[in-house]
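Here the structure is laid out as structure tokens; the discussion comes afterwards.
The values are calculated or read from the model by the stated rules, or taken from the named source; none is laboratory data. None of the values given here were measured: they were computed from a predicted structure. Please note: Cβ atoms are built from the backbone with ideal geometry, for glycine as well, and neighbour counts cover all protein chains shown. Heavy atoms of the whole protein, side chains included, go into the accessibility calculation; ligands, DNA and RNA do not. Shrake-Rupley method; radii C 1.70, N 1.55, O 1.52, S 1.80 Å.
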Amino acid sequence: MLARVHSAAIIGVDAYPVEIEVDITRGEEAYLIVGLPDAAVRESRERVRSAIHNSGFRYPLDRCTVNLAPADIRKEGPSFDLPIAIAFLMATGQMNADNLDETAIVGELALDGLVRPVAGALPVALGARDHGKARVIVPERNAHEAAVVADFDVYGADSLYGAVEMIEQGFPGEPTVVPPDELDPEAAEYDIDLSDVKGQEHVKRALEVASAGGHNVLMIGPPGAGKTMLARRMPGILPPMSFPEALEVSKLYSVAGLMPERVALMRTRPFRAPHHTVSTAGLVGGGTIPKPGEVSLAHNGVLFLDELPEFGRGTLEVLRQPLEDATVTIARAQLTLSFPANFQLVAAMNPCPCGFRGDPGRQCTCSTGQIANYLKRISGPLQDRIDIQVEVPRLAADEVMSKQPGETSTNVQARVVAARAMQDQRFDNTPFHNNAAMNTKALRQFCVLTDEVSSLLRSAIDRFQLSARAHDRILKVARTIADLEGNESILVHHIAEAVQYRSLDRKFWN
């Protein structure tokens, strides 16, 4: 007897429909699965067999053929266990299922018949809705994230027996519903605050400017100066995510299997801090069927690279494309995928291998050659893609012991949001969403300078031997500084502050 059940599989961050066909015929006991399954899918035989037995059903002792259509796309992962088991029960007449044409099913089975969570439940629900399905059955622990999808019914199954009972009774219970307050990104709360950081007011100012314009930041200073502490607080001063942004982030985390349990939507901006031993594939994504890397998991948030020169040179160079295009493209023989990667880069490094060059409290033990080789690991093209460079000195004892609270993240965020509102109005009907994204044509249109301001910028370029890309970065940062003041014109002091954020080029690399 033949049975069909609808399911879905993930390619990139999107789901595509998969039809599972099970045909059971008389003959010697056999289990054949076709349709380009990977090892995890082929191993479903033992999980399905044990789950059916331990749920009180009968496993067929005949020739069983399972087909996953379309047959020309590779299927991976254990998410087909539950739909295959249900198809087996339909094909052997052990359950009545005349209402599954509009239902998609995914889930991994344990040997005792329980349903385990799977990666990608949110994209599966979105894909099923977009392909005309009315509902989806997912593991109970995935139901919250899938229920984010509007105008669509999501049912959670905790066991194979429970799923069969639900189907035979015509889905009698209410679908999973997410409370509205869990879908509001503006209500997101961060457990760390900028006011926790002692001193370093000029660095806080640099991070505020970076957040207001979407600029990349490099912090240089000795160990223990607070670089990591400052970087971790940057998501809290960025504008709250919109619902579409939160949905994009949630899809990426769902595909990567990193969605927290019982969390419907990722409402806080991501903060990713990979170790410097991370591989190129781990940073930008990869695999036989590519999965998102750290740059994509930082989408709409912050990618923090601590000890920047310790990362492999080749690993750092692959950042150049996502920093420019806000996407990562991964090509394979069978397919080419693109993952979103619209992140802000925050990098930190020591001024030398020992970390104490220029520190008044400790003597540097590095030779000139060691320092040169250390700094040389950061290529010129990568430096040019970092808009803001700021030195983070060691704090004095008085600053460390100070009881004076710093400005809160909420206050800084309010100014950042106001600056972004100006940019939203400025870039209406353009492809840009912040100052850092402007191209050369937009710079000419939105960064008009008076003769006095142009003269200052020309002098700075000649003095510091800045590149054409550095010139553009200065203009973008100056535009952001003006926005923070609510000023439509770029003034002399805006350019002066922006040039200051490029001064470390000369101090460290020349």
Of the criteria (1) within 23 Å of Val138 (Cα to Cα); (2) loosely packed, with under 14 Cβ neighbours inside 10 Å, which one Val164 fails: (2)
Criterion (open to solvent by 40 Å² or more (accessible area, probe 1.4 Å), under 22 Å from Leu303 (Cβ atoms) and under 20 Å from the mean Cα position of the chain (by Cα)) met by exactly one of Arg232, Arg205: Arg232
Subset of the range 351-361 [of a type outside the set (Asp, Glu) and closer than 16 Å to Ile220 by Cα]: Pro351, Cys352, Pro353, Cys354, Gly355, Phe356, Arg357, Gly358, Pro360
Per-region count, the range 328-387, residues in contact with a helix residue (DSSP H, G or I) (Cβ under 6 Å, 6 or more places away or on another chain) and without any contact (Cβ under 8 Å) to a residue 40 or more places away in the chain: 2
Criterion: touching an Asp or Glu at 6+ places or on another chain (Cβ under 7 Å) and buried (at least 18 other Cβ atoms within 10 Å of the Cβ) - qualifying residue of Val48, Val18: Val48
Within the range 452-494, considering residues that are open to solvent by 30 Å² or more (accessible area, probe 1.4 Å) and acidic (Asp, Glu), the one farthest from the chain's Cα centre (by Cα): Glu452
Some residue of the range 279-296 being farther than 28 Å from Ala143 by Cβ, touching a Ser or Thr at 6+ places or on another chain (Cβ under 7 Å) and open to solvent by less than 40 Å² (accessible area, probe 1.4 Å): yes
Where Gln423 falls short, out of the listed (1) open to solvent by 20 Å² or more (accessible area, probe 1.4 Å); (2) among the polar types (S, T, N, Q); (3) assigned to a helix (DSSP H, G or I): (1)
Test: Ala39 is surrounded by fewer than 16 Cβ atoms within 10 Å (Cβ to Cβ), out of contact with any Ser or Thr (no Cβ under 9 Å at 6 or more places or on another chain), at pLDDT 90 or above and of a type in the set (A, V, I, L, M): no
Filter result (in a strand (DSSP E or B) and either over 20 Å from Lys75 (Cβ atoms) or among the polar types (S, T, N, Q) (or both)) within the range 322-338: Thr327, Val328, Thr329, Ala331, Thr336, Ser338
Residue that is crowded, with 16+ Cβ neighbours inside 10 Å and of a type in the set (D, E, K, R), where the choices are Arg357, Arg320: Arg357
Leu61 vs. criteria at pLDDT below 90, under 25 Å from Glu168 (Cβ atoms) and open to solvent by 30 Å² or more (accessible area, probe 1.4 Å): yes
Filtered residues of the range 173-202 (kept if assigned to a helix (DSSP H, G or I) and open to solvent by less than 40 Å² (accessible area, probe 1.4 Å)): Pro185, Leu194, Ser195
